[in-house]
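Undergrad: Okay, handing you the structure first.
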Amino acid sequence: MFQFIQKHIHSHLAEHRSKRTRLVTKDGHCNIKFGNISYYNHAFLMDFWTTFVEIRWRFVLSYFAIAFIGSWFIFGLLWYSIAKSNGDLLGQSQKDGHIKCIENVHGLTTAFLYSLETQTTIGYGGRALTGHCASTLVLIIIQSLIGAIINCFMCGLILAKISLPKKRAKTVMFSDTAAICLKKGTLCLLIRVANLRKTLLIGTQIYGKLLRTTVTQEGETIILDQVNIDFAVDAGKDNLFFVCPLMLYHTTLGQCPFFEMAADTLLQQDFELVVFLDGTAESTSSTFQVRTSYTPQEIQWGYSFLPVISRTKEGRYHVDFSKFSKTVQVSAPHCAHCFHSDSGHKHSQEIQEKQGIDNPGFEVIDIDVTFQKGEKTHSWQPREDYVLRLS
């Protein structure tokens, strides 16, 4: 009982440590904080367009309202000052034959309305320039140009945020866990990835980085040391036909970090496997990247993913996403190092003789074999009862 409680406490602490030290979250966000960055604030001002595109929507909408209302109010004050200097306001003494600079602008409220109508080109007709004051011509030109710049900038900003490729990345998903089992006669790390949209991804590339703390021969400690992890599918590494969920696998050979790990020491390791998928959306031609990460607690040794693709009676292929991250326990060697020894090869041959994982939803074609004396004939016919008949 005491050993069980101790094991549970150690597993809970290991899980808490993995959550606390995860650099990349499951949805792809980087868990990192920059300190003393105020010394480089000028860099964000120089790259102001990217700064505005990356800020949150609530700040964009606030800046949108402030930009327009602020410009209307500032130019309203300028129109008010011109009207006041010419003696057009109410309460000012006006001589006979007095010509106003702006018709029907006799206060701060009407000056603000005229500024709004000018910049938005509403033009109700109640307020207009008389052409008597030259300063009004200069001011209306300046306000029209500044208003056009504000319109272009804010419309482009909102359009850029709406069309960010990050939203397309939300429709590409990785499996919740990774699995280690035998594939094609070698021990492999398996990860499943799927595209939720029917539109294809162009130029897809998938790769990984193993992050861990290492100590060099000189005694230098490198935090977040990156090791390349190559992934592949049956069709190759590049230009994947991403129309259905794919199985990524990484072979644990040679200099692979998983080569020296074992089933009972995996949970004791301190690393983070970050997987990247780069691609171009077919519909928008925008390039995006999808990221996720796996800790040792999220890697299942001796497990394999359940099949998710089947074919219906109508001849259409069906993908069952309820089994997307589900795994089943299979026979696997204790470690990659011992697998590649002589006993490991023998163990591989024994496993290959065993039956694999069945996919009962996939349509099969049965074989009707007929044996006669002196001859043997084969007839290939699909049968509805799926029974192998020998006669």
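Undergrad: Which one of these is closer than 22 Å to PHE59 by Cβ and free of Cβ contacts under 8 Å to residues at least 24 places away in the same chain: ILE149, ILE158? Outline the logic, then answer.
TA: Numbers: ILE158 fails: free of Cβ contacts under 8 Å to residues at least 24 places away in the same chain.
Of the residues listed, the single one that is closer than 22 Å to PHE59 by Cβ and free of Cβ contacts under 8 Å to residues at least 24 places away in the same chain is ILE149.
Condition check ((1) under 30 Å from LEU277 (Cβ atoms); (2) open to solvent by 60 Å² or more (accessible area, probe 1.4 Å); (3) out of contact with any Phe, Trp or Tyr (no Cβ under 9 Å at 6 or more places or on another chain); (4) touching a residue at least 24 places away in the same chain (Cβ under 8 Å)) across all residues:
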site	(1), (2), (3), (4)
ARG58	yes, yes, yes, no
LEU61	no, yes, yes, no
ILE66	no, yes, yes, no
ASN86	no, no, yes, yes
VAL105	no, no, no, yes
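Undergrad: Continuing with this model, one more query. Please find, among LEU113, LEU139, LEU129, LEU164, the residue that is open to solvent by less than 80 Å² (accessible area, probe 1.4 Å), in contact (Cβ under 8 Å) with a residue 60 or more places away in the chain and farther than 30 Å from SER283 by Cα.
TA: Working: LEU113 fails: in contact (Cβ under 8 Å) with a residue 60 or more places away in the chain; LEU129 fails: in contact (Cβ under 8 Å) with a residue 60 or more places away in the chain; LEU164 fails: farther than 30 Å from SER283 by Cα.
Being open to solvent by less than 80 Å² (accessible area, probe 1.4 Å), in contact (Cβ under 8 Å) with a residue 60 or more places away in the chain and farther than 30 Å from SER283 by Cα holds for just one of LEU113, LEU139, LEU129, LEU164, which is LEU139.
Undergrad: Only one of (1) out of contact with any Pro (no Cβ under 9 Å at 6 or more places or on another chain); (2) of a type in the set (D, E, K, R); (3) exposed (fewer than 15 other Cβ atoms within 10 Å of the Cβ); (4) at pLDDT 85 or above fails for GLU260. Which number is that?
TA: Against the list (1) out of contact with any Pro (no Cβ under 9 Å at 6 or more places or on another chain); (2) of a type in the set (D, E, K, R); (3) exposed (fewer than 15 other Cβ atoms within 10 Å of the Cβ); (4) at pLDDT 85 or above, GLU260 comes up short only on (4).
Undergrad: Follow-up question, since we're still on this one. What do you reckon, is GLN255 farther than 13 Å from PHE174 by Cα, modelled with pLDDT of 85 or more and either over 19 Å from the mean Cα position of the chain (by Cα) or not polar (S, T, N, Q) (or both)?
TA: Details: farther than 13 Å from PHE174 by Cα: yes; modelled with pLDDT of 85 or more: no; either over 19 Å from the mean Cα position of the chain (by Cα) or not polar (S, T, N, Q) (or both): yes.
So GLN255 fails the test.
Undergrad: Take TYR114 and decide whether it is at pLDDT 85 or above and among the aromatic types (Phe, Trp, Tyr). Spell out how you get there, then give the answer.
TA: Numbers: at pLDDT 85 or above: yes; among the aromatic types (Phe, Trp, Tyr): yes.
Here the answer is yes, as TYR114 does meet what is asked.
Undergrad: Among (1) touching a Cys at 6+ places or on another chain (Cβ under 6 Å); (2) closer than 21 Å to ASP27 by Cα, there is one condition ALA262 misses while meeting the rest; what is its number?
TA: Failed condition: (2).
Undergrad: Among the numbered criteria (1) under 30 Å from ILE191 (Cα atoms); (2) in contact (Cβ under 8 Å) with a residue 12 or more places away in the chain; (3) open to solvent by 40 Å² or more (accessible area, probe 1.4 Å), which one does LEU23 miss?
TA: For LEU23, the exception is condition (3).
The values are calculated or read from the model by the stated rules, or taken from the named source; none is laboratory data. Just so it is clear, the model here is predicted, and its values are computed rather than measured. Backbone-built Cβ (ideal geometry, glycine too); neighbour counts: all protein chains shown. Keep in mind that these areas ignore ligands, DNA and RNA; they rest on the heavy atoms of the full protein, side chains included. Shrake-Rupley method; radii C 1.70, N 1.55, O 1.52, S 1.80 Å.
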